[in-house]
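Each value in this text was obtained by applying a stated rule to the coordinates, not by laboratory testing. Just so we're clear, the structure is a prediction, and the values are computed from it rather than from any experiment. Ideal geometry is used to build each Cβ from the backbone, glycine not excepted, and the neighbour counts take in all protein chains shown.
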Amino acid sequence: MGKKPKAKAEEPEKPPAEPAEPWLCGECEQENPAEELACIACEAPKPVSGDGKFEHFAVALVKTCEPVPGKDKLKKLEVDVGSEELLKIVTNASNVKEGSRVVVAKVGAIIDGEPLKKSVAGSPR
Ligand SMILES: [Zn+2]
């Protein structure tokens, strides 16, 4: 009698059927596999808006501007780039104040919720 091997390796959840396209890092132009959420070369976050094109600059309206404690040249901004949430960025531009319009680089500039360590404030060693 035919013994049927049990299906032991159950397939994990299948990804949705959309084709996984590699994306280009806006920071270093590294091509990254679609499943990577950050650049494999420089760890810049994958662009979330649009279809992965170079959309990483936006004109933003500065909503809040406050100094970063301990970093007198740095300011922490919340800017309105037209999306629902304010974008939090850090800048060392001295002429930025509330109500200013600034050009922000979205990729790599987002510090949302994360400690602003690398790429923004220089590397502490
Ligand atoms: Zn990169």
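Descriptive notes on the structure:
- In loop segments of segment 68-105 as defined by DSSP, the GluC sites (Glu not before Pro) with at most 16 further C-beta atoms inside 10 Å of their C-beta are GLU84, GLU85, GLU98.
- Note on GLU21/SER100: beta-carbon distance plugged into 1/(1 + (r/R0)^6) with R0 of 35 Å gives a FRET efficiency of 0.45.
- Taking amide H positions as modeled 1.01 Å from N, with prolines and chain starts lacking one, the residues under 5 Å from TRP23 and 5 or more places away or on another chain are ASN32, ALA34.
- Database remark: amide H of ALA60 closer than 5 angstrom to the amide H of VAL102, VAL103, VAL104 (H placed geometrically; neighbours at sequence offset of 5 or more, or on other chains; Pro and chain starts carry no H).
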